[in-house]
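Quick notes on the structure that follows.
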Amino acid sequence: MAYINNGSLKREYLPKIWKEIENTKGLIIDIRNYPSDFPIYDLSSYLMPQSTPFVKFTNGSIESPGLFTFTKL
């Protein structure tokens, strides 16, 4: 099991950290702290190397309250 503290993680540390944790069975990313750097995009490229959809947006209907449709990306 690996643990990353978001408050002390720096982008420059990621290559070395990843070599140490890439074969662990689990990863805990502690996001309770404000990041000292902004490593999220760099970290995400290690976690998901290929582009992957991660969000879908919806629009509500005025004519039919409660009806939501997905927008095209």
Average projection area in nm² (convex hull over Cα atoms of the stretch 2-70, one quarter of hull surface): 7.0 nm²
Considering only lysines 8 or more places apart in sequence, or on different chains, count the pairs in the chain whose C-alpha atoms sit under 28 Å apart. 4
Select from PRO35, PRO15, PRO53 the residue whose mean-square fluctuation is largest in a Gaussian network model of the chain (Cα-Cα springs shorter than 10 Å). PRO53
So, with points 7 Å from each Cα along the Cβ direction, the LEU47-THR71 label distance in nm works out to 2.4 nm
For the pair ASN33 and PHE54, the simple spin-label estimate (label points 7 Å beyond Cα toward Cβ) gives in nm 2.1 nm
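Any read-out appearing in this document is the output of simple, stated calculations on the displayed coordinates, not a laboratory observation. Keep in mind the model is a prediction, meaning the values are calculated, not measured. Glycine gets a Cβ as well: all are built from the backbone with ideal geometry, and neighbour counts include every protein chain shown.
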